[in-house]
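**Student:** The structure's right below; bear with me while I get my questions together.
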Amino acid sequence: MRKYVIMGVQGSGKGTQSQMLRDDLDLVHISVGDIFRWHVRNRTKLGAQVRRIMAAGELVGDDLVESVVRRRLDDHDWNFGFIIDGFPRNGRQAEFFMESYDIDAVIHLELPDDEVRRRVLNRRLCPNCGMDYNLIADRPEVEGRCDICGHELVTRADDTPEALEARLRDYHEKTRPVLELFRRKEVVHDVDGRPPLEDVQNAIRKTLGLPAYTR
Ligand code: AMP
């Protein structure tokens, strides 16, 4: 059973790297942001509660986040383990998490803020299958269309310069201290998020003692 957390500033590649690990190791990828985006898209009551907060790049309240995470982890729908992305994001969430769950490793993707801005403002997302694109490094084959399912690509509502600055501020003020908590438990693996996708994936695998990535 493998239980991983992946952390890193927005645009550091958490989603993509988690999906690569998930596909190869049969892990369940739990993205709290994806859960919220699903609720917003499907206009649920929870979606209505979080829509504006998310669009402004702010953090959703801890009670709501904890109940979503608890419900999701209670599903126990994994055979080989999970990788959780986008949680915990502050001290209180980290305490809640560490009280209830044991984790094997925290993967920390490091990326300087300038590179974050360059990546995030060029990010496009497929709202249908969740595939992520980047107009600089990872363009779709047909402009504006998803390579996997053909759906029209969108910009995330929170990938605006203003929302990005709010998220960067929250990351440095609230999320970075969480890493220090995990460091005390000696479970943090720092990985440089700047190289090409597959190199980052292999660096993650090397530090976790997993076999190298093969397409
Ligand atoms: P992400 O896709 O991880 O960047 O999450 C998108 C948005 O969902 C964030 O900007 C927050 O508004 C909200 N969100 C996701 N995870 C959390 C969390 N652990 N705590 C609070 N808000 C969150």
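**Student:** I'd like to check something: does region 70-82 contain any residue that is crowded, with 19+ Cβ neighbours inside 10 Å and within 22 Å of GLY11 (Cβ to Cβ)?
**Tutor:** Checked against the condition, which is being crowded, with 19+ Cβ neighbours inside 10 Å and within 22 Å of GLY11 (Cβ to Cβ), region 70-82 yields no hits at all.
**Student:** In region 33-51, is there at least one residue being at pLDDT 90 or above, within 22 Å of ILE204 (Cβ to Cβ) and not aliphatic (A, V, I, L, M)?
**Tutor:** Within region 33-51 (the criterion being at pLDDT 90 or above, within 22 Å of ILE204 (Cβ to Cβ) and not aliphatic (A, V, I, L, M)), the answer is yes, since at least one residue qualifies.
**Student:** Consider region 30-56. How many of its residues are buried (at least 21 other Cβ atoms within 10 Å of the Cβ) and outside any helix (DSSP H, G or I)?
**Tutor:** 2
**Student:** Here is a follow-up. How many residues are at pLDDT 95 or above and in a helix (DSSP H, G or I) if we restrict to region 70-91?
**Tutor:** Residues meeting the conditions: 0.
**Student:** Moving to a separate point now. Considering only residues that are acidic (Asp, Glu) and free of Cβ contacts under 8 Å to residues at least 24 places away in the same chain, look in region 162-197 and name the one that is nearest to the ligand (Cβ to nearest atom). Write out each step before concluding.
**Tutor:** At the first step, the residues of region 162-197 found to be acidic (Asp, Glu) are 162, 165, 170, 173, 180, 186, 190, 192.
If we keep only those that are free of Cβ contacts under 8 Å to residues at least 24 places away in the same chain too, we end up with 173, 180, 186.
On the way: GLU173: 13, GLU180: 17, GLU186: 23 Å.
Among residues in region 162-197 that are acidic (Asp, Glu) and free of Cβ contacts under 8 Å to residues at least 24 places away in the same chain, the one nearest to the ligand (Cβ to nearest atom) is GLU173.
**Student:** Related question: What tally of residues in region 10-52 results from selecting those that are among the β-branched types (Val, Ile, Thr), under 30 Å from ARG194 (Cβ atoms) and away from the ligand (no atom under 11 Å from the Cβ)?
**Tutor:** Narrowing region 10-52 to residues among the β-branched types (Val, Ile, Thr): 16, 28, 30, 32, 35, 40, 44, 50.
Then keep just the ones that are under 30 Å from ARG194 (Cβ atoms); that gives 16, 28, 30, 32, 35.
Narrowing the set further to residues that are away from the ligand (no atom under 11 Å from the Cβ) leaves 16, 28.
Number of matching residues: 2.
**Student:** Within region 53-72, track down each residue that is more than 10 Å from the ligand (Cβ to nearest atom) and either closer than 21 Å to ARG169 by Cβ or over 16 Å from the mean Cα position of the chain (by Cα) (or both). Give the steps one after another, and end with the answer.
**Tutor:** Quick first cut of region 53-72, residues more than 10 Å from the ligand (Cβ to nearest atom) only: 63, 67, 70-72.
Once the filter is applied, which keeps residues that are more than 10 Å from the ligand (Cβ to nearest atom) and either closer than 21 Å to ARG169 by Cβ or over 16 Å from the mean Cα position of the chain (by Cα) (or both), region 53-72 yields ASP63, SER67, ARG70, ARG71.
**Student:** Continuing with the same structure: Need the failing condition index for TYR171 against (1) surrounded by 13 or more Cβ atoms within 10 Å (Cβ to Cβ); (2) assigned to a loop (DSSP other than H, G, I, E, B), just the number.
**Tutor:** (2)
**Student:** Also: Those residues that are under 23 Å from MET54 (Cβ atoms) and within 14 Å of the chain's Cα centre (by Cα), I need them from region 83-107; list them, please.
**Tutor:** At the first step, the residues of region 83-107 found to be under 23 Å from MET54 (Cβ atoms) are 83-94, 96-97.
Correct list: ILE83, ILE84, ASP85, GLY86, PHE87, PRO88, ARG89.
The values are calculated or read from the model by the stated rules, or taken from the named source; none is laboratory data. The model shown is predicted, which means the values in this text are computed figures rather than measured ones. Don't worry about glycine lacking a Cβ; one is built from the backbone with ideal geometry, like all the others, and counts go over all protein chains shown.
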